[in-house]
Ligand code: SF4
Ligand code: SF4
């Protein structure tokens, strides 16, 4: 017995659909699935009585990888649900940036992973059962990075590892920007970090790590 569908046109020209003779018996496919389930056992897992093992390709919670994350904050900028929190603490010693993924509002869209500049800093896992928590604050994954401050005005320039990463990407071109090459030299301990704020920027201050505003001022005025 199959599905019988017919159409009729009303006086005002609209088309209506009439269903008739709809099949009420189980389909062959459903019967085959039921027989398979009897022989092989149920398809569903026994979670929460047993740990749930997701599919290998399941796109679950994203996790930060400290060794590959440089603290640029691109994942925070693109997060579609706003579940990544960025906190820049300029008063701590050294100044720190903290990035936190709050899984209670993450929708596992994968945009953070797609936008990660190193491609490995944050990656989706196939984890799911770790999200069964009593306190939402337990469902958080975070990473912390050191920040670099402007040696002119003391404002935040960027994450230290991010500046070094950009400098390495630029290669020899990094020597056109003191902020870039000094970041690398300081990372290699070949130059000391001077975060003393200067009231008046003079010509020798050009060879310092500076924010764009101080760099512009020193270039125009000295
Ligand atoms: S998977 Fe999507 S919602 Fe979750 S942290 Fe990444 S960008 Fe935000
Ligand atoms: S390196 Fe990747 S994971 Fe780290 S802050 Fe940047 S975008 Fe986010």
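The values are calculated or read from the model by the stated rules, or taken from the named source; none is laboratory data. Note that this is a predicted model, so its numbers are computed, not measured. Using ideal geometry, Cβ is built from the backbone for each residue, glycine included, and neighbour counts are taken over all protein chains shown.
Quick notes on this one:
- Any hit, the range 35-43, residues being assigned to a loop (DSSP other than H, G, I, E, B), farther than 30 Å from residue 131 by Cα and either at pLDDT below 60 or not assigned by TED's automatic domain parsing to the domain that holds residue 132 (or both): no
- Contacts under 8 angstrom Cβ, first residue in the range 98-119 being more than 13 Å from residue 68 (Cβ to Cβ) and assigned by TED's automatic domain parsing to the domain that holds residue 136, partner away from ligand 2 (no atom under 14 Å from the Cβ) and assigned to a helix (DSSP H, G or I), 6 or more apart: 102/136; 103/131; 104/136
- Scanning the range 19-31 for any residue that is out of contact with any helix residue (DSSP H, G or I) (no Cβ under 9 Å at 6 or more places or on another chain), modelled with pLDDT of 80 or more, assigned to a loop (DSSP other than H, G, I, E, B) and assigned by TED's automatic domain parsing to the domain that holds residue 127 turns up nothing.
- Residue 48 being in contact (Cβ under 8 Å) with a residue 12 or more places away in the chain, in a loop (DSSP other than H, G, I, E, B) and more than 20 Å from the chain's Cα centre (by Cα): yes
- Those residues of the range 150-169 which are part of a helix (DSSP H, G or I) and over 19 Å from residue 74 (Cα atoms), in sequence order: none
- Any hit, the range 54-73, residues being farther than 30 Å from residue 187 by Cβ and free of Cβ contacts under 8 Å to residues at least 40 places away in the same chain: no
- The residue that is surrounded by the fewest Cβ atoms within 10 Å (Cβ to Cβ), among those in the range 59-85 that are closer than 20 Å to residue 148 by Cβ and more than 12 Å from ligand 1 (Cβ to nearest atom), is 67.
- Residues that are in a strand (DSSP E or B), within 16 Å of ligand 1 (Cβ to nearest atom) and surrounded by 13 or more Cβ atoms within 10 Å (Cβ to Cβ), drawn from the range 86-105: 86, 98, 99, 100, 101, 102
- Number of the exception - residue 158 against (1) modelled with pLDDT of 90 or more; (2) away from ligand 1 (no atom under 16 Å from the Cβ); (3) within 30 Å of residue 58 (Cα to Cα): (3)
- As a summary of the residue check, residue 157 satisfies the conditions (1) crowded, with 19+ Cβ neighbours inside 10 Å; (2) closer than 30 Å to residue 207 by Cα; (3) within 15 Å of ligand 2 (Cβ to nearest atom) except for the one numbered (3).
- Given (1) within 13 Å of ligand 1 (Cβ to nearest atom); (2) touching a residue at least 40 places away in the same chain (Cβ under 8 Å); (3) under 23 Å from residue 74 (Cα atoms), number of the condition residue 131 does not satisfy: (3)
The rows are residues; the columns are (1) away from ligand 2 (no atom under 14 Å from the Cβ); (2) within 22 Å of residue 128 (Cα to Cα).
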{"position": "84", "(1), (2)": "no, yes"}
{"position": "87", "(1), (2)": "no, no"}
{"position": "96", "(1), (2)": "no, no"}
{"position": "107", "(1), (2)": "yes, yes"}
{"position": "112", "(1), (2)": "no, yes"}
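- Taken as a whole, the structure places residue 80 among residues that are assigned to a loop (DSSP other than H, G, I, E, B) and under 10 Å from the mean Cα position of the chain (by Cα).
- Residue check, residue 112 within 14 Å of ligand 1 (Cβ to nearest atom) and in a helix (DSSP H, G or I): yes
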